[in-house]
Amino acid sequence: MTDAKRMATRAGSPVLAAAISSALSMSGTASAQETASLGEVIVTATRRAESLQDVSESISAFDSDAIAMRGIQQLSDIVKFIPGMSLAQREPGGTTLVFRGVASSGTEFGGVSSSALYLDEQPITQGGRNPTPRFIDIERVEVLRGPQGTLYGASSQSGTLRVITNKPQAGAFDSWAEAQVSDTSSGSTGYDLSAMVNIPLGSDRVALRLVGFAAEDAGFIDNVLRDSQGGGFTNADRVDEDVNTVTTIGGRAALSFDVTENLNLSFGAIFQDLSADGHGDVSVDDPDGLDRGLGELEQVRFENESLDDEWYQVALTASAQLPFGDLIVSGSYFDRDFAYEADASDYEFSLNASGYVSYDFGGDPRGFATNNESTEITTFEARLQSNNDAESRWSWLAGVFYSKEEGHTEFNSYVRGYADTNSFSYFNYYEQELTGNSLVPSDQWWRGVYDTELEQKAVFGEIGFDVTEDFTITAGGRWFDYDRFFALLQENPPGFTGASRTDEAVETSESDSVYKLNLTYRINDDRMVYATWSEGFRVGGNNPVKPSSILPREFSSDTLTNMEIGAKTEWLDNRLRFNVAAFMMDWKDFAVQVEDPQTDNFQLGYVNLPSADITGIEAEFQFVINDAWQLDGTVGWIEAEIAEDTTIELDPGFDPLFASEGARLPLTPDWTATLGIEFRPRGQLLNAQPFARLDLAYVGESVTSLDGIQSVINAAEVGTQDSYSTGDLRFGLEGEQWSTTLFVDNVWDERAGLFLSPRWAAPRQTINRPRTIGLRFRYEF
């Protein structure tokens with residue numbers, strides 16, 4: 001289905017709407033009083049197919065038509081349309097989904113996420129480093145806000161985002177090809193090519209669907225010429241323009257076989273490779289410190305930076321309609337290799353300035369870091385549920401779940417000429433005293449190897465009962481059991497066997513249960529109200545640390561309790577849809593990653609804080625004015641803060657960690673809002689149907705870390721991300737088999753700070769894409 005048929009949403013100013021209407025007005029139009037109605041969206045968020053308006057939960061959903069009309073291509077494009085959801089983007093490759101303010105840290109290493117990312121039936125979540133599947137040939141994206149612990153498990157503590165791919169269609173050949181070219185202000189030219197073919201094989205029961213894509217997102221950050229902090233060298237050999245150009249290639253193959261009328265087998269394989277020759281964050285001048293006189297889209301890097309993220313997923317699913325219920329069995333395997341190089345010269349300069357001989361790199365060090373991660377996730381789930389068309393007043397679902405995630409990470413830091421520094425001489429002297437051996441000279445001054453394994457088992461279920469035709473009670477629960485293994489090897493420098501070497505392995509096991517209760521009352525066919533009490537959880541673990549560290553050796557799981565009331569309503573003969581939810585959540589014993597305060601004993605670990613309170617309101621609306629005009633919008637307000645003054649004594653010799661009551665949780669804007677307008681005039685232009693759409697989005701102020709409990713390396717003051725607003729505009733024509741769209745994203749070229757990171761000592765900030773003008777053409781064969 002092509003763009004002018006798409007029922008998408010957002011709203012713009014009356015002045016601009018009038019201008020669009022005037023530009024596209026045609027002769028032979030019908031009466032302005034003609035009206036249309038809102039279409040129905042089917043979701044599977046509750047593990048069964050239901051109309052979105054019939055699901056008594058806070059869910060947003062975008063089908064393939066809405067995705068295309070909005071120009072959504074990846075996670076960062078969709079987040080602005082979801083109240084109660086935010087996305088922290090930390091270079092290199094750090095992507096954190098946040099639902100309803102449930103975030104404790106801006107920068108984490110090796111943590112477990114509080115939100116889940118699903119690709120079809122499999123969770124592919126990685127804390128602070130989520131993969132970013134490109135939205136090509138996607139059937140639907142579903143966003144479930146609030147704890148989903150009973151149906152989706154540990155990483156669904158605060159919410160779940162599901163990316164659902166289009167499946168093969170038996171009995172019908174279908175294909176399309178799409179090409180897009182764009183130009184980014186202050187940057188370069190980008191492109192996006194994709195194609196799909198759906199092929200029936202031999203009968204009406206077997207079909208193959210093939211998808212391929214290649215894209216280059218234009219860079220817009222320049223690495224500019226500057227001196228090092230010590231003035232000993234420049235970055236002349238690294239100066240370049242548009243260093244954050246990102247290339248993505250990928251594909252998907254899916255095979256569907258209707259073995260019988262009641263049994264379907266499907267197999268899918270997805271591959272994606274994302275690479276960049278530089279990092280997309282700018283260097284930020286500090287009025288109280290480092291000032292390099294930089295522009296808005298400039299960075300200063302002295303060493304090579306790159307990023308490569310390659311992953312694939314294979315999955316097998318069997319769906320059977322049995323006399324007593326529907327059975328779905330799925331098994332999936334996900335494999336990911338993630339690697340980056342990063343300039344660490346400023347970071348090593350700050351260590352050198354500490355005055356400790358172990359960090360005496362010679363006054364003006366030049367160096368870099370490398371990170372290589374591999375992840376394997378194997379999941380299995382089987383669930384049996386009552387038939388959708390059952391006449392019984394009872395509905396039920398029961399299932400089992402198994403997951404095993406294995407990770408291996410190697411992080412290395414280098415200083416040019418390290419073997420000639422006082423730091424190397426210091427460690428070499430003690431190694432000779434301890435063992436009689438000398439260290440091998442090299443540029444490497446740090447080595448960290450991290451092996452993790454998380455194995456989860458669960459039994460879950462829900463049961464619903466229609467007390468009357470209008471009143472339903474649903475209860476659910478999940479019993480879970482997990483084993484978590486974490487092994488750590490840190491050497492400073494590699495080969496040193498003294499106190500700065502750690503070789504620890506710990507294992508944690510826990511089992512528990514979470515529950516859910518929902519009450520739904522249907523006022524009539526168009527309106528319902530509901531109340532939900534639900535729980536979510538996140539696994540705890542141990543801190544493998546140096547013997548000299550004063551951090552605790554273990555931390556507990558944390559739980560989230562949600563109390564929510566909401567309403568889903570339709571009015572004016574299904575022309576106006578308005579949904580609203582208000583919630584209060586209690587986050588107990590939540591874990592935060594902190595740094596050991598011993599400045600000469602680098603170590604990270606988790607501690608538990610007593611509680612945080614989160615309250616908020618989310619609302620969405622869609623309004624079909626007539627068959628030519630449609631409006632929509634969202635608004636979200638969240639207050640997420642520490643519930644009480646908190647003091648954590650790590651050691652009598654050091655100041656305690658302290659977080660005050662009311663301290664804001666990070667990564668969560670206080671207000672978000674969208675407003676959109678879509679217009680399809682009655683009539684044709686160039687024998688095609690015109691359409692136009694404007695999207696406006698507002699993101700309020702947020703903070704990047706928790707005040708007083710800093711979970712960053714080189715703990716810095718809390719960074720504030722200022723509020724910002726953006727607008728996107730799209731015009732297009734749709735013919736019988738083709739469509740073309742002219743788009744302008746970020747119309748007024750807003751510079752928005754997406755994440756301020758102190759990770760590399762000198763502040764770095766991820767910036768949104770500047771104004772981008774592009775043209776897209778699609779042909780359906």
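Below, the figures for the structure above:
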| read-out | value |
| --- | --- |
| Coil-residue chymotrypsin sites (Phe, Trp or Tyr not before Pro) of the range 125-212, DSSP, other Cβ within 10 Å capped at 13 | 173 |
| Three-way shape call for the range 230-297 based on the alpha-carbon gyration tensor, with the a/c threshold at 1.5 | prolate |
| Per residue solvent-accessible surface (Å²) - the chain, probe of 1.4 Å | 39 |
| Dipole moment magnitude, nearest 20 debye, the chain about Cα centre, only Lys, Arg, Asp, Glu C-beta charged | 2020 |
| Given 167/404; 404/568; 80/568; 457/588; 80/167, the pairs whose alpha carbons are separated by over 32 Å | 404/568 |
| For the range 341-442, the fraction of alpha-carbon pairs in successive 10 Å shells from zero, as % | 13, 24, 19, 12, 10, 9, 9, 6, 0 |
| Segment residue 779-residue 561, extension gain: residue separation times 0.36 nm, minus the distance between their alpha carbons | 73.6 nm |
| On Cα atoms only, tilt of 14-24 relative to the major axis of the chain in degrees | 60 |
| Percent of Cα pairs exceeding the 12 Å cut-off, where the set is the range 555-596 | 72 |
| Cα coordinate range in the range 616-655, projected on the principal axes (Å, largest first) | 71, 15, 8 |
| Among 322-333, 748-759, the order from most to least packed when residues are scored by Cβ within 10 Å on average | 748-759, 322-333 |
| Heavy-atom accessible area order for 738, 629, largest first, 1.4 Å probe | 738, 629 |
| Directionally averaged shadow of the chain, computed from the convex hull of its alpha-carbon atoms, nm² | 34.0 |
| For the range 534-686: span of alpha carbons on each principal axis (Å, largest first) | 76, 39, 25 |
| Radius of gyration and Dmax over the Cα atoms of the range 112-257, both given in Å | 21.3, 73 |
| Relative contact order [Cα under 8 Å, 6+ residues apart], the range 617-735, whole percent | 23 |
| Farthest positive-ward along the chain dipole, Cα basis, beta-carbon charges - from 583, 560, 610 | 583 |
| Alpha carbon convex hull of the range 332-373, volume per residue in cubic angstrom | 83 |
| Farthest positive-ward along the range 434-581 dipole, Cα basis, beta-carbon charges - from 487, 572, 474 | 487 |
| For the range 37-189, alpha-carbon Rg and Dmax in angstrom | 16.5, 50 |
| With all protein chains modelled, accessible area of residue 174 [1.4 Å, Å²] | 60 |
| Percentage, to the nearest whole number, of Cα pairs in the range 495-620 over 21 Å apart | 59 |
| With every protein chain in place, the range 284-368: carbon and sulfur % of accessible area (1.4 Å) | 54 |
| Taking all pairs of distinct alpha-carbon atoms in the range 631-744, Kirkwood radius in angstrom | 18.2 |
| Principal axis dimensions, largest first and in whole angstrom, of the range 36-122 by Cα | 48, 27, 23 |
| Sequence of 779, 521 from largest to smallest accessible area, 1.4 Å probe | 521, 779 |
| Helix 422-435 axis, angle to the chain major axis (alpha carbon atoms, nearest 10°) | 70 |
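The values are calculated or read from the model by the stated rules, or taken from the named source; none is laboratory data. Small disclaimer: the values here were computed from a predicted structure and weren't measured. Backbone-built Cβ (ideal geometry, glycine too); neighbour counts: all protein chains shown. SASA here: full protein model, heavy atoms, side chains in, ligands and nucleic acids out. Shrake-Rupley method; radii C 1.70, N 1.55, O 1.52, S 1.80 Å.
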